[in-house]
Amino acid sequence: MDFYILNCSDLNESTLNSLSMELKKEMNVNFKIFNYKFDFSFAFNQIRMQYNADLLLKKLREIFDKRFICIFPHDIYVENMNFIFGLAELNGRGGIVSIFRLKDKNFHERLLKEMKHEIGHIFGLKHCENKCVMNFSNSLYDVDRKPDYFCSHCLNELRNRIGQISLIE
Ligand SMILES: [Zn+2]
Ligand SMILES: [Zn+2]
């Protein structure tokens, strides 16, 4: 199964390559890196000075028809939240992760965790209370505290789901 990492940020190729290698370790998925430019100005909220993640995700789904996780350079939000690190459709096709708040300390590790987390949602995982990358994170403290791996329960579910989809496609 192909899965696209849509890079809209200025992250360099070696960073993206190493992220995709690390993701591959746990998932039997063929990650492909795409430097992706699209006009996202429509999703900017002038009052909040942030981008609406629901609108971005909806737009990306319209213009890109494969499975994807978008790496977004700016701060994102959804209604009733001050900000979010990422958003994905549960059992859907796409997700988005913002690198804006993940810099600079532990950046690579934080981004890997948030990418895994959103990809987990795309493959049907919900938030998890075990020691697991599917812990909900509301702050950088939460991001740093959670592990960068799936608990055995989530990893099983993830692999089953990917296996099922691979059979169909
Ligand atoms: Zn989540
Ligand atoms: Zn878990």
- How about the range 130-150: which of its residues are small (Gly, Ala, Ser) and either farther than 18 Å from residue 99 by Cβ or loosely packed, with under 15 Cβ neighbours inside 10 Å (or both)? 139
- Could you check, for the range 53-60, whether at least one of its residues is outside any strand (DSSP E or B), within 15 Å of ligand 1 (Cβ to nearest atom) and of a type outside the set (Asp, Glu)? yes
- Query: In the list 157, 114, which residue meets the criterion of being under 24 Å from residue 43 (Cα atoms), touching a residue at least 12 places away in the same chain (Cβ under 8 Å) and either surrounded by 21 or more Cβ atoms within 10 Å (Cβ to Cβ) or within 16 Å of ligand 1 (Cβ to nearest atom) (or both)?
  - Reply: 114
- Message: Going residue by residue through the range 85-97, is there one that turns out to be surrounded by fewer than 16 Cβ atoms within 10 Å (Cβ to Cβ), among the acidic types (Asp, Glu) and under 14 Å from the mean Cα position of the chain (by Cα)?
- Response: yes
- Message: Restricting to the range 51-84, give me the number of residues that are within 18 Å of the chain's Cα centre (by Cα) and of a type in the set (S, T, N, Q).
- Response: 1
- Taking the options 66, 105, name whichever one is touching a residue at least 40 places away in the same chain (Cβ under 8 Å), under 24 Å from residue 17 (Cα atoms), surrounded by fewer than 20 Cβ atoms within 10 Å (Cβ to Cβ) and not aromatic (Phe, Trp, Tyr). 66
- Task: Exactly one condition in (1) touching a Ser or Thr at 6+ places or on another chain (Cβ under 8 Å); (2) under 15 Å from residue 69 (Cβ atoms) is not met by residue 108; state its number.
- Result: (2)
- Take the range 1-37 and flag every residue that is loosely packed, with under 13 Cβ neighbours inside 10 Å and of a type in the set (A, V, I, L, M, F, W, C). 21
- Mind counting the residues in the range 117-147 that are in contact (Cβ under 8 Å) with a residue 12 or more places away in the chain and more than 9 Å from ligand 1 (Cβ to nearest atom)? 14
- Message: For a quick check of your reading of the model, give me the residue pairs whose first member lies in the range 13-32 and is touching a residue at least 24 places away in the same chain (Cβ under 8 Å) and small (Gly, Ala, Ser), whose second is assigned to a helix (DSSP H, G or I) and surrounded by 13 or more Cβ atoms within 10 Å (Cβ to Cβ), with beta-carbon atoms closer than 8 Å and at least 6 apart or on different chains.
- Response: 18/108
- Message: Condition (residue is in contact with a helix residue (DSSP H, G or I) (Cβ under 8 Å, 6 or more places away or on another chain) and near ligand 2 (Cβ under 9 Å from one of its atoms)) applied to the range 99-112: is it met by at least one residue?
- Response: no
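The numbers here are math on the coordinates, done by the rules we state, and not lab data. Computed from a predicted model, the values in this text were never measured in an experiment. No Cβ is skipped: glycine too gets one built from the backbone with ideal geometry, and neighbour counts run over all protein chains shown.
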